[in-house]
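Q: Sharing a structure here in structure tokens format.
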Amino acid sequence: MKKQQVILSIISVVVIGSLFLFGNTIPPKKDNPKPPMAANASKPEILFKDILEKAKKRLTEEQALRVTKIENSVTRGDVKDQQIKMYHQLATFWKDSLHLFEPYATYTAEAAKLESSEKNLTFAAHLFLDKLFIEDDGSMQHWLANNAKVLFEQALQLNPTNDSSKIGLGACYILGNVSDNPMQGILPVREIAQKNPSNFFAQYILGLGGKKSGQYDKAIERFSIINKANPENLEIVLHLAECYDLKGDRKNAIVWYNIVRGKINNPKAVKEITDRIDKLK
């Protein structure tokens, strides 16, 4: 297995399994990847209408009729409340019937925007953000980040002092290519991390940003802060192992991969880690 696939595969098995209730639509990572912006610059923008059209082709006749009925359920009267109800029903349908993440998250987001509740907006935003953390395709990263960005911005209008939402918004800039100026996202997150080094969400986002940009020493520094406080966090241990691996530090990569191997009992994951360790020796 290529080294860039190791962390994605293990995380999908033992760390973020709940996301994969919706199906693993993430392509395998490649060795020495180009920065997502450059690698995907020529790809067309992803539109939800295209995602939905493709998803509907998977419906049975009975399911298609059910969806159409929900979509046409808004009539005269209290249109806003009817729309909120419709969006929730559609979100539930796509989550429960076909386990498809994109329509589930999108309709959850549309309901949250109309409800204008900080709690619901941030919940929906984190649906997209959590998926962004494990997405490899640049076009999909952009789509996920744009959706999360809109939701975090609306949540911050309701509560401008929420550091978690500020960090989430920063992550959209750092990881999702929503701007040609990633510092627009990095600076607020860095400020929060400097003010409160124990804000591990901020440290995590900065670590991911360092890893994405090839600044592995900076990423290791951020992930190490989290690991020191939470040594049992398997995802962070995996990130440390891969950062050392990517920077060419085989000795430390083996050390951290061995720590990972000692913390998991999934046979497939253990084999992948063992294979990577053997290749590094």
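The values are calculated or read from the model by the stated rules, or taken from the named source; none is laboratory data. Computed from a predicted model, the values in this text were never measured in an experiment. No Cβ is skipped: glycine too gets one built from the backbone with ideal geometry, and neighbour counts run over all protein chains shown.
Q: Looking at (1) farther than 30 Å from L169 by Cβ; (2) among the aromatic types (F, W, Y); (3) surrounded by fewer than 22 Cβ atoms within 10 Å (Cβ to Cβ), find the lone condition where Y257 falls short.
A: (3)
Q: Moving on. Residues that are at pLDDT below 95 and not polar (S, T, N, Q): find the helices (runs of 4 or more DSSP H) completely inside segment 165-281 holding 1 or more of those.
A: Passing ranges, in order: 183-195, 200-212, 234-246, 250-263, 267-280.
Q: Given the options I167, I134, name the one that is crowded, with 24+ Cβ neighbours inside 10 Å and β-branched (V, I, T).
A: Of I167, I134, the one residue that is crowded, with 24+ Cβ neighbours inside 10 Å and β-branched (V, I, T) is I167.
Q: Let me ask you something else. For segment 67-104, which residues satisfy the criterion of being of a type in the set (K, R) and touching a helix residue (DSSP H, G or I) at 6+ places or on another chain (Cβ under 7 Å)?
A: The answer is K80, K95.
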